[in-house]
1. Given the condition surrounded by fewer than 16 Cβ atoms within 10 Å (Cβ to Cβ) and part of a loop (DSSP other than H, G, I, E, B), answer yes or no: does some residue in region 79-89 qualify?
2. Please tell me if K32 is open to solvent by 80 Å² or more (accessible area, probe 1.4 Å), among the basic types (K, R) and either part of a helix (DSSP H, G or I) or touching a His at 6+ places or on another chain (Cβ under 6 Å) (or both).
3. Any idea which residue in region 10-29 is farthest from E80 (Cα to Cα), counting only those that are open to solvent by 60 Å² or more (accessible area, probe 1.4 Å) and in a helix (DSSP H, G or I)?
4. May I ask you to verify whether G57 is on the phi > 0 side of the Ramachandran plot, touching a Leu at 6+ places or on another chain (Cβ under 8 Å), of a type outside the set (V, I, T) and open to solvent by less than 80 Å² (accessible area, probe 1.4 Å)?
Amino acid sequence: MSLTSILSAEDIQNAIKDCEAPDTFCYKKFFKLCGLSSKTPKEVKDVFQILDEDNSGFIEHSELKYFLQRFVPNARTLTEAETKNFISAADDDSDGKIGVEGQYLISHIVLVLKKNQHVGRNDLIGWIKWQLVQMKHHKLCQ
């Protein structure tokens, strides 16, 4: 499976072009431009699996740094600041990598952004924290 089997090649090119300059990458805008924000949770999971280059079940810092190159091979690497900002959006346990829970959060962030383009940052952070509490409670109850 390739990214272009899920996302249009034209949308990917537009998203890459939008963040060509260093320190211009915004994952929310990138998700919207490449079409990921309009995909189902299953399709988002498929993208996660493609981005998990070593099939470890996690997207580590080193994989995220080359995030744009997974979409277009000659794209630039993310700067250290961009990489840290991106990973912090879904790294629920501060281990420097995005796992199953992080993928779950990314897919839900995408869905929230898709449904309501005017969600504030504080609202989104509160929602994410609430989701984490719910997930941890669910794990404890199993």
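The values are calculated or read from the model by the stated rules, or taken from the named source; none is laboratory data. Nothing here was measured: the structure is a model prediction, and the numbers come from that model. Note: ideal-geometry Cβ built from the backbone for every residue, glycine included; neighbour counts use all protein chains shown. Surface accessibility is based on the protein's heavy atoms, side chains included, excluding ligands, DNA and RNA. Shrake-Rupley method; radii C 1.70, N 1.55, O 1.52, S 1.80 Å.
1. yes
2. Yes, satisfied.
3. Looking at the filtered set, the residue picked out is E10.
4. no
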